Amino acid sequence: MAAKRKAGLRGVLFDWDGTLIDSYHADTSAYLAMFREMGILWGLQELERHYSPNWYQVYRAARLPRKLWDQADRLWRAHYKKHQPKLVSGARRVLEAIRTKHALGLVTSGDRDRVARQLREFRLTRLFSARVCSGDTLRKKPHPEPLRLALRQMGLEAACCVYVGDAPQDVEMAQRAGVRAIGVLGPFPTEKRLRAARPEFLIGSLEELPEILDRLRNGWK
């Protein structure tokens, strides 16, 4: 493990879906198709009301029996593959700009196979020194375990890092891990709950992030 570095803003860690990749249409389309096949009478309104990065919370809200979760996972993946999500506007430019000043990490609830494939397709894999996905830890967001694992892999202290995400679970995970939270408004229906989670900063688009990081770096305490 690398020696841990202290002082100043060292690391910037990101959520994936809704923060760096606009997967809203693919995600919701896969959910709705899966619901239909499994006889769940949910539409977009119900899904948006109960949406969570932890899809098992969605399954519980839809009263899907635990014994059917694996089947639901397979159906969701099959329908998701029919779509091709795009990077959020400005994501590549922002990542390339800030990587010259900060170590970058990725902490996502997404399945490792899918996220790794998308990182390769978008040619972003090399930018992240840590990539923590669903299944890498026993507990999921908003538990701090995934973020703490990424910090250990990067050899960084929580106090010198920020986490950027679009959901209240992202903010809660960061706060519980001792990492400063930056909320970003994205394509998923999380704005109201994201604001209520009270991130330290809330930005309207990812393209505002470099300015926030410069402010933090110059006034870091």
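When the test is whether a residue is under 17 Å from the mean Cα position of the chain (by Cα), small (Gly, Ala, Ser) and under 21 Å from His83 (Cβ atoms), Ser29 does not pass it. A single member of Val171, Val179 is buried (at least 23 other Cβ atoms within 10 Å of the Cβ), more than 16 Å from Pro53 (Cβ to Cβ), touching a helix residue (DSSP H, G or I) at 6+ places or on another chain (Cβ under 9 Å) and modelled with pLDDT of 95 or more, and it is Val179. Residue selection: Val115 satisfies the criterion of being touching a residue at least 60 places away in the same chain (Cβ under 8 Å) and out of contact with any Asp or Glu (no Cβ under 8 Å at 6 or more places or on another chain). Taking every residue in the stretch 73-84 that is part of a helix (DSSP H, G or I) and pairing it with any residue that is among the β-branched types (Val, Ile, Thr), at least 6 positions away or on another chain, yields no pair with a Cβ-Cβ distance below 9 Å. Using the structure shown, decide if Glu157 is surrounded by fewer than 17 Cβ atoms within 10 Å (Cβ to Cβ) and at pLDDT below 95. In short, no. hydroxyl-bearing (Ser, Thr, Tyr), touching a residue at least 24 places away in the same chain (Cβ under 8 Å) and within 16 Å of Asp166 (Cβ to Cβ), is that true of Ser29? When the stated conditions are applied, Ser29 does not pass them. Report, ordered by the first and then the second residue, all pairs with beta carbons closer than 6 Å, sequence separation of six or more or different chains, a first member in the stretch 188-200 that is assigned by TED's automatic domain parsing to the domain that holds Pro168 and free of Cβ contacts under 8 Å to residues at least 60 places away in the same chain, and a second member that is charged (D, E, K, R) and surrounded by 14 or more Cβ atoms within 10 Å (Cβ to Cβ). Going by the 6 Å Cβ cut-off, the qualifying pairs are Glu200/Arg180.
The values are calculated or read from the model by the stated rules, or taken from the named source; none is laboratory data. Bear in mind the structure is a predicted one, so any value in this text is a computation, not a measurement. FYI the Cβ positions are ideal-geometry reconstructions off the backbone, even for glycines, and counts take in every protein chain you see.
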